[in-house]
Amino acid sequence: MYKLLENIHAGRVSHGMMAKGGPNLVQHLVSAGHEFVIVDMMHSNVDWTELSHMAWKARVEGMYPLVRLPANPWGSGAAIADRRFSVDAERAFGSGAEGLIWSIASVEEARIMAHMGRDSHQGAPVTSAQQLQAVTEHSSNTRLLLPLIESIGALEALDEILDIDGISGVFIGCTDLAEVLGHPLDYLHPKVLAAVEKACKSAKARGKIVLANTGYAFPSISGQVDHAKALKKCGVNMLMLQTVEFNLYVIAKSVSDAVRAG
């Protein structure tokens, strides 16, 4: 079993990061003690082949591989349910991903994916009833389906989304959540933290989990740590410590600024 799943069952908090590509990064995150990686296919040029390299590398190392599928829950088309989600989910599982994240604008966009947690497609031949039973059991016991809540429509329907059988919990996208709540980049605003805490309480009451991320407004590692501690206090089960690329930017800028300052 993945350490992430063990932590969830034991009520322990897990740490991970999102990455916009690079199988070699997986080993670094494993060495740093992270329990999960999220491969970002929404805001990157990651294709299905690169997803496969990253996901299988993570699996070999015992790190839980999730993927964020492309989505757009905002704008005039947000009311139209995206039927592409379940198609991309099949490809993601066939590429080695174990967990799915997709940004939603409605309950329907969560509901149309709920069955994927029991889906038997894994990109490998199934040639007997025994094999079919085994892969179905693996799916049921291993997959995490975490719709991404970062729109008003999804936030208002949070309880209904968490009630859906097959949905494992939710991912609270703090950056866009803060913006739609009227407090852009102010992740520690009482209204933003109250929304995260409410989500955690609702999820816990239903035996489900919450993933949340530290934001982009912190020019230092200590700022991210403070935000992570606030999210942990709210009851978050999985802490995404921002993206690998953003943390590289923070470190590179800090070192560069210090060197220039003499």
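When the expected Rg is taken as 2.2 N^0.38 Å, what fraction or multiple of it is the alpha-carbon Rg of region 17-63?
Normalised by 2.2 N^0.38 Å, the Cα Rg of region 17-63 equals 1.02.
Counting only heavy atoms of protein chains, what accessible area per residue, in Å², does the chain have with a probe of 1.4 Å?
On a per-residue basis, the chain sits at 45 Å².
Whole-Hz Karplus ³J(HN,Hα) for region 12-27, in order, using 6.51 cos²θ - 1.76 cosθ + 1.60 and θ = phi - 60°, x for Gly and Pro?
9, 7, 10, 10, x, 9, 9, 9, 9, x, x, x, 5, 5, 4, 4
Rolling a 1.4 angstrom probe over the protein chains, ignoring ligands and nucleic acids, what is the accessible area of V87 in square angstrom, nearest 10?
Accessible area, nearest 10 Å²: 70 Å².
As a test of reading the structure, rank Y216, Y64 by solvent-accessible area (1.4 Å probe, protein chains only), most first. Spell out each step's value before the answer.
On the way: Y216 100, Y64 0 Å².
My answer, sorted largest first, is Y216, Y64.
Ordering I8, I221, I149 by how much accessible area each has at a 1.4 Å probe, largest first, what is the list? Don't skip to the answer; put the middle values down first.
Details: I8 45, I221 80, I149 0 Å².
Final ranking, largest accessible area leading: I221, I8, I149.
Given charges of +1 on the Cβ of Lys and Arg and -1 on the Cβ of Asp and Glu, with all other atoms neutral, how large is the dipole of region 11-123 about its Cα centre, in debye to the nearest 20? Walk me through the numbers on the way to the answer.
Numbers: 10 positive and 12 negative charges, 23 e Å.
The calculation lands at about 100 debye.
Let me know the charge dipole size of region 140-227 about its Cα centre in debye, to the nearest 20, where only the beta-carbon of Lys, Arg (+1) and Asp, Glu (-1) is charged.
Computed charge dipole of region 140-227: roughly 320 debye.
First compute the accessible area of the chain with a 1.4 Å probe, then give the percent of it belonging to carbon and sulfur atoms.
Heavy-atom surface of the chain belonging to carbon and sulfur, 1.4 Å probe: 56 percent.
What ranking of K3, K229, K204 comes out by heavy-atom accessible area, probe 1.4 Å, highest first? Working shown, then result.
On the way: K3 95, K229 135, K204 165 Å².
So, going from the largest accessible area down, we get K204, K229, K3.
Mean shadow of the chain, computed from the convex hull of its alpha carbons, in nm²?
14.5 nm²
For region 6-115, which chymotrypsin sites (Phe, Trp or Tyr not before Pro) pass both filters: DSSP loop (anything but H, G, I, E, B) and at most 11 other C-beta atoms within 10 Å? Could the numbers behind the result be given before it?
Details: sites: F36, W48, W56, W74, F85, F93, W102; in loops: W74.
Of the chymotrypsin sites (Phe, Trp or Tyr not before Pro), not one in the loops of region 6-115 has a Cβ with at most 11 other Cβ atoms within 10 Å.
Tell me, what is the 1.4 Å probe accessible area of E156, in Å² to the nearest 10?
Here the residue's solvent-accessible area equals roughly 150 Å².
Take every Cα-Cα pair in region 74-186 and report what % of them are more than 19 Å apart.
Percentage above 19 Å: 49.
Based on Cβ point charges of +1 for Lys and Arg and -1 for Asp and Glu, what charge dipole magnitude is obtained for the chain about its Cα centre, in debye rounded to the nearest 20?
Its charge dipole is roughly 580 debye.
The values are calculated or read from the model by the stated rules, or taken from the named source; none is laboratory data. Only a predicted model underlies this, so the values are computations on that prediction, with no experimental measurement involved. So basically every Cβ, Gly included, is an ideal-geometry build from the backbone, and we count neighbours across all protein chains shown. Ligands, DNA and RNA are excluded from the accessible area calculation, which covers all protein heavy atoms including side chains. Shrake-Rupley method; radii C 1.70, N 1.55, O 1.52, S 1.80 Å.
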